[in-house]
Amino acid sequence: MKTFLWMATAGVLALASCQEKPSYTVNGTIADVADGEMVYLQNFVDGNMVNLDSAVVKGGAFQFKGEADTIAQSRYVSYPAKGISSPIFLEAGTITLDLNNELSKVAGTVCNDAYQKFIEEFYAVNKEMRALYEQAQNDSLSDEQRKEAENQLNVKDSLSREIVYNTISSNITNVAGVQLLTRFSSMFDADRIQPLVEQIPASLNSVEGVDQLKEHLASLAKTAVGQKYIDFTMNTPEGEAVKLSDFIAKNKYTLIDFWASWCGPCRAEMPNVVKAYNKYKSKGFGIVGVSLDRDSEAWKKAIKDLNITWPQMSDLKAWDCEGAKLYAVRAIPATVLVDQEGTIIARDLRGDDIAAKLNELLK
């Protein structure tokens, strides 16, 4: 790297040399592709791949060159003719890429080396998980054999999660680690994610998804167990504006139930919620359903079909539901249990846990 050298001659400052800008070179290979075929460097923008550069394949090889940004940029190298694409980090240095339709291999720079190590480990474990899942679905297995397969599947799932977490933790100061954090943060509890977020260098705060993750964690903290609930207003299925507080004050305990008519797990969970409501409503238990629907008719039909008899509210914005954002809900079904004074006393109760908690509170 050259440096700036300023020299004063006869009272005039002269620039002796200019600083070279960092650059990247991607040396790629691809098998069974004829000379003259095109490979593209792409960016994913608003759900679509956008071509940034192209390279001609010759002798099974291709090359991209360009100026590297200060922060590594996440891009893709693709051969659309065969539907082959591989993520790559453009950063200063020489990057090698073996592009193929199973598991491409990229190496040569910090982010690419880190990502490749991760994807190989993650891919291997998930391949084992798929095999175990298929085994567990085999009708010829005994109950004991199926249970063993499910136990092994759970072990592999835990291993998969630790691979993700450890990769993020050891790479949190580079773009690869930060991107994996924003992508997989929902797999972990907030108390594991928060320390990682605090380690993100200021220079990487602009990485896509970081701001949203910080906002999500802030919302979680504001609506954690022990905090006061946050009020909001939405419409009933009949179009009447109602406040969450209208219901909280009426019940000893109120379950805020985030769900949607299109959500399979929500529909599967609803019998448990109905059962708990019917058992404890006479003791001061109430529910307010907050729907993440967009179609009002589908919402109304589901209310009827699922035997839901408690109050409902929605802004019909699906995942842009303002209530869900306030309570940091990123997966449904989700529940928040609030006492009459407005204190949150439990989150994400499901199945038998709902009745168990109410039995403890409403003896």
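The values are calculated or read from the model by the stated rules, or taken from the named source; none is laboratory data. Since the structure is predicted, the reported quantities are computational estimates derived from the model, not experimental observations. Glycine also receives a Cβ, built like all others from the backbone with ideal geometry; neighbour counts cover every protein chain displayed. We work out accessible area using only protein heavy atoms, side chains counted, and drop any ligands, DNA or RNA first. Shrake-Rupley method; radii C 1.70, N 1.55, O 1.52, S 1.80 Å.
Among the candidates ALA318, ALA328, which residue alone is within 23 Å of GLU238 (Cα to Cα), under 25 Å from the mean Cα position of the chain (by Cα) and open to solvent by less than 60 Å² (accessible area, probe 1.4 Å)? Show your work before the answer.
On the way: ALA328 fails: within 23 Å of GLU238 (Cα to Cα).
The conditions single out ALA318.
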Legend entry - region 331-348 - residue that is under 13 Å from TRP259 (Cα atoms) and among the β-branched types (Val, Ile, Thr) and, of those, surrounded by the fewest Cβ atoms within 10 Å (Cβ to Cβ): ILE332
Inset, instruction - Scan region 51-93 for residues that are over 24 Å from LYS117 (Cβ atoms), at pLDDT 95 or above and under 25 Å from the mean Cα position of the chain (by Cα) and report the count. - result: 0
Inset, instruction - Output yes when any residue across region 224-231 is of a type in the set (S, T, N, Q) and out of contact with any Ser or Thr (no Cβ under 6 Å at 6 or more places or on another chain), and no when none is. - result: yes
Inset, instruction - Could you tell me whether any residue of region 96-103 is in contact (Cβ under 8 Å) with a residue 60 or more places away in the chain, assigned to a strand (DSSP E or B), touching a Gly at 6+ places or on another chain (Cβ under 9 Å) and of a type in the set (Val, Ile, Thr)? - result: yes
Legend entry - Among (1) within 16 Å of TRP262 (Cα to Cα); (2) part of a helix (DSSP H, G or I), the one test that GLY323 misses: (1)
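Of the residues that sit in region 116-138 and are free of Cβ contacts under 8 Å to residues at least 40 places away in the same chain and among the charged types (D, E, K, R), which one is surrounded by the fewest Cβ atoms within 10 Å (Cβ to Cβ)? Break it down into steps so the answer makes sense when it comes.
Just the residues of region 116-138 that are free of Cβ contacts under 8 Å to residues at least 40 places away in the same chain, to begin with: 116, 119-120, 123-138.
Still in the running and among the charged types (D, E, K, R): 120, 127-128, 130, 134.
Values: GLU120: 13, LYS127: 12, GLU128: 16, ARG130: 12, GLU134: 10.
So, considering only residues that are free of Cβ contacts under 8 Å to residues at least 40 places away in the same chain and among the charged types (D, E, K, R), the one surrounded by the fewest Cβ atoms within 10 Å (Cβ to Cβ) is GLU134.
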Legend entry - Residue that is nearest to TYR76 (Cα to Cα) [pool: residues in region 42-64 that are loosely packed, with under 14 Cβ neighbours inside 10 Å and of a type in the set (D, E, K, R)]: ASP46
Inset, instruction - Tell me which residues, restricted to region 171-186, are in contact with a helix residue (DSSP H, G or I) (Cβ under 6 Å, 6 or more places away or on another chain) and assigned to a helix (DSSP H, G or I). - result: VAL175, ALA176, GLY177, VAL178, LEU180, LEU181, THR182, PHE184, SER185
Inset, instruction - Restricting attention to region 349-362, report how many residues are part of a loop (DSSP other than H, G, I, E, B) and buried (at least 21 other Cβ atoms within 10 Å of the Cβ). - result: 1
Inset, instruction - For residues that are of a type in the set (Val, Ile, Thr) and farther than 23 Å from LEU358 by Cα, scanning just region 218-270, find the one that is most open to solvent (accessible area, probe 1.4 Å). - result: THR233
Legend entry - Among the candidates ASP191, ASP211, ASP113, residue that is in contact with a strand residue (DSSP E or B) (Cβ under 8 Å, 6 or more places away or on another chain), in a helix (DSSP H, G or I) and open to solvent by 70 Å² or more (accessible area, probe 1.4 Å): ASP113
